[in-house]
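The values are calculated or read from the model by the stated rules, or taken from the named source; none is laboratory data. Note that the structure is predicted; figures quoted are calculated from it, not measured. Note that each Cβ is placed from the backbone with ideal geometry, even for glycine, and that neighbours are counted across all protein chains shown.
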Amino acid sequence: MLKSLRIRNLATIEDLELSFEEGFSILTGETGAGKSIIIDGIKLVLGEKSSPEMIRTGKNEASVEAVFEMPRGTDTAGDPLLRDGDEILIQRQIPHDGAGKAYVNGVLVPAKKLKDFAADLVDIYGQNDHIFLLRLENHRDYLDRLLNAADLLEETAGLCREIRKLASQKKELEEKKRDREQRLDFLDFQVGEMEKAGLRPGEWEELSAEREILRNAEKIAGLVDRALELAYLDEYSLLASLTKFRNTLTELGRFDPRIETLNESLGSFGISLREIADDLIKFKDRQADAPDQLDKLEERLDVIEKMKRKYGGSVPDVLAYLGSIRAERARLAAAEDLLSGLEVETGKKLQSYRACAVKLFRMRTEAARRLEKRIEEEIGLLGMKRARFEIRVEAADPALITAESARESGMDEVEFVISPNPGEELKPLRKIASGGELSRIMLALKAVGKEKGTGRTLIFDEIDSGIGGKTAEFIAQKLKALAGHHQIICITHLPQIASFAANHFRIDKKMEKDRTYTLVKKLKFDERIVEISRLLSGSRITETSLQNAREMLEHNLGVKEKKP
């Protein structure tokens, strides 16, 4: 509920403060007096876009402050600035230069955040608000708000988003199929070439060392021969000298047993010497085929060098690259399986989506039948007693819904149709209803839609434009009834509507020292009589118009002013 509003330096308003009460409040005044400026001020604290042109001439800044009482039952758990049932102070500053500022309970917030609070605080309906009825998607959205099926609606929308995502992935895979096949052929070639090469870690180093040996085979053979001569082939070889040395020690052992012990230790040395000689002979034999071995080794090293040039700077790099392209090949090869899996998953999601869409269709159809009766009752009270109103809910065949045709809102088309007069067939509301009929139907829809909640502020900005007589009285009665659930603030030019309000504010414009000022005054009962008289007869107020105004007020308010 809007409790107070202060506007400074906005257009013709210099400094204006208003206090509002519960129930039905009316704002009246001459055309151009500044009624719309007050609504603009409320819109600013609710996050509407501001402009420096709104600032009063000669002033550097405009500001608007509003105090609201949060409606009971408002979900405030997600916002530390709000508490259920508490008051909320919203401030908006509009400077000539630079960005404006917005505050909620004294805390600086982005101006766009104010719109988050607006959804829980105020609804504003203008004289052209019936344009809402000219767009078909609004018909479905209105019906959905009365379904109590938020979970089902979100599940349907969520499934649709998942289906679109799967379809997008499937399309992407299909579009890249040719590129994928070409890449697979290339990877198969590379993997095959490297697997055929059969590289292993450390091979390059081993073969390089062996090549060095084979390249020096002749020199190595000479060195081996010399080593063998020194070992045992030469007359003075190590083995011959060792034999002579042992024989000498044996002779000495006859004289001292300890010498014989020394002789025994030389036996292992002789064995080692023979083993070394045998190894040298084998090493020499291996070099006999050196030219052939070198050719084969060079061929192998050429293969490794080629792999290194093509796939990496070293054997480990080549093997790492081989591992990576094997993994890539596996992923690409699995794409076909993935494509099949996506088709299966899409089919499952579509099945779930169709089930939700069917359930949603049934709920919408049932809600439409209930709502039709209530809307007919409401528009009947607004002067369209013999009008017929129907909500058509038409659904696509669930079996024909595809991933491409699925919609977040389900498979239904919803349209309001009406027959304003007896004997006429039902036709689309958006095509045949007049402006006055649209206004009344719009008010009926708002009335039905707001019955459940309480405590909100509903502002009606001249929605009575173009109507009068009994229809105006019907609308006034409806607004008064709505005031039992909500705070109603209405700008009007019609005495029938003004006379039903519990609180009446008059907007006046005055000139002072070549400046225009907008003023607001809350009217007492006798002042209301004069204002209602003005609405009845214009500037020429007579005793008759005053009497009519008094009777209208007393009748519509259910009170009788006591005369002094």
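Given the criterion out of contact with any Phe, Trp or Tyr (no Cβ under 7 Å at 6 or more places or on another chain) and modelled with pLDDT of 90 or more, identify the matching residue among 41, 47.
None of the others qualify; the one that does is 41.
Among (1) surrounded by 15 or more Cβ atoms within 10 Å (Cβ to Cβ); (2) in contact (Cβ under 8 Å) with a residue 60 or more places away in the chain, there is one condition residue 174 misses while meeting the rest; what is its number?
(1)
Looking only at region 2-16, how many residues end up being crowded, with 18+ Cβ neighbours inside 10 Å and touching a Ser or Thr at 6+ places or on another chain (Cβ under 6 Å)?
Residues meeting the conditions: 4.
Pick out the one residue from 402, 346 that is under 28 Å from residue 154 (Cβ atoms), of a type in the set (Ser, Thr, Tyr) and surrounded by 14 or more Cβ atoms within 10 Å (Cβ to Cβ).
The match here is 346.
Considering only residues that are over 55 Å from the mean Cα position of the chain (by Cα) and modelled with pLDDT of 90 or more, which ones fall in region 546-564?
Within region 546-564, 546, 547, 548, 549, 550, 551 qualify.
Mind telling me which of the residues 103, 142 ends up being surrounded by 13 or more Cβ atoms within 10 Å (Cβ to Cβ) and more than 30 Å from residue 427 (Cα to Cα)?
Among 103, 142, only 103 is surrounded by 13 or more Cβ atoms within 10 Å (Cβ to Cβ) and more than 30 Å from residue 427 (Cα to Cα).
Residue by residue through region 213-238, note down the ones that are in a helix (DSSP H, G or I) and of a type in the set (D, E, K, R).
Scanning region 213-238 gives 215, 218, 219, 225, 226, 229.
Return the residues of region 481-504 that are over 18 Å from residue 534 (Cβ atoms) and in contact with a helix residue (DSSP H, G or I) (Cβ under 8 Å, 6 or more places away or on another chain); say none if nothing qualifies.
Within region 481-504, 481, 482, 488, 502 qualify.
Collect the residues in region 152-183 that are aliphatic (A, V, I, L, M), in contact with a helix residue (DSSP H, G or I) (Cβ under 7 Å, 6 or more places away or on another chain) and at pLDDT 85 or above, keeping them in residue-number order.
152, 153, 159, 163, 166, 167
Among 390, 415, 425, which is under 30 Å from the mean Cα position of the chain (by Cα), not in a helix (DSSP H, G or I) and not small (Gly, Ala, Ser)?
415
Please indicate, with yes or no, whether at least one residue in region 492-508 is touching a Gly at 6+ places or on another chain (Cβ under 7 Å), at pLDDT 85 or above, charged (D, E, K, R) and surrounded by fewer than 16 Cβ atoms within 10 Å (Cβ to Cβ).
Yes, region 492-508 contains a residue that is touching a Gly at 6+ places or on another chain (Cβ under 7 Å), at pLDDT 85 or above, charged (D, E, K, R) and surrounded by fewer than 16 Cβ atoms within 10 Å (Cβ to Cβ).
Name the one entry in 164, 211 that is basic (Lys, Arg), surrounded by 14 or more Cβ atoms within 10 Å (Cβ to Cβ) and under 51 Å from the mean Cα position of the chain (by Cα).
So the residue among 164, 211 that is basic (Lys, Arg), surrounded by 14 or more Cβ atoms within 10 Å (Cβ to Cβ) and under 51 Å from the mean Cα position of the chain (by Cα) is 164.
Any residue that is crowded, with 17+ Cβ neighbours inside 10 Å, outside the structural domain of residue 70 (by TED's automatic domain parsing), part of a helix (DSSP H, G or I) and under 27 Å from the mean Cα position of the chain (by Cα) - is there at least one of those in region 145-154?
Within region 145-154 (the criterion being crowded, with 17+ Cβ neighbours inside 10 Å, outside the structural domain of residue 70 (by TED's automatic domain parsing), part of a helix (DSSP H, G or I) and under 27 Å from the mean Cα position of the chain (by Cα)), the answer is yes, since at least one residue qualifies.
So for region 362-376 (the condition being modelled with pLDDT of 90 or more, of a type in the set (Ser, Thr, Tyr), exposed (fewer than 15 other Cβ atoms within 10 Å of the Cβ) and closer than 26 Å to residue 161 by Cβ), does at least one residue qualify?
No, region 362-376 contains no residue that is modelled with pLDDT of 90 or more, of a type in the set (Ser, Thr, Tyr), exposed (fewer than 15 other Cβ atoms within 10 Å of the Cβ) and closer than 26 Å to residue 161 by Cβ.
Here is a list: 541, 463, 467. Which entry is outside the structural domain of residue 30 (by TED's automatic domain parsing), at pLDDT below 90, on the phi < 0 side of the Ramachandran plot and outside any helix (DSSP H, G or I)?
541
So how many residues does region 408-429 have that are surrounded by 13 or more Cβ atoms within 10 Å (Cβ to Cβ), farther than 15 Å from residue 134 by Cβ and not polar (S, T, N, Q)?
Total meeting the criteria: 7.
Going by the conditions given, is residue 341 among the small types (Gly, Ala, Ser), at positive phi and outside the structural domain of residue 461 (by TED's automatic domain parsing)?
no
Which numbered condition in (1) over 30 Å from residue 429 (Cβ atoms); (2) at pLDDT 90 or above is the only one that residue 337 fails?
(2)
Among the residues of region 327-336, is there at least one that is without any contact (Cβ under 8 Å) to a residue 60 or more places away in the chain, of a type in the set (Asp, Glu) and surrounded by 12 or more Cβ atoms within 10 Å (Cβ to Cβ)?
yes
Looking only at region 295-326, filter to residues that are outside any helix (DSSP H, G or I) and more than 46 Å from the chain's Cα centre (by Cα); which one of those is surrounded by the most Cβ atoms within 10 Å (Cβ to Cβ)?
314
With respect to residue 119, determine if the residue is modelled with pLDDT under 85 and of a type in the set (A, V, I, L, M).
Considered against the rule, which asks whether it is modelled with pLDDT under 85 and of a type in the set (A, V, I, L, M), residue 119 comes out as yes.
For region 231-249, check the following and say yes or no: at least one residue is in contact (Cβ under 8 Å) with a residue 40 or more places away in the chain and either under 30 Å from residue 412 (Cβ atoms) or surrounded by 14 or more Cβ atoms within 10 Å (Cβ to Cβ) (or both).
yes
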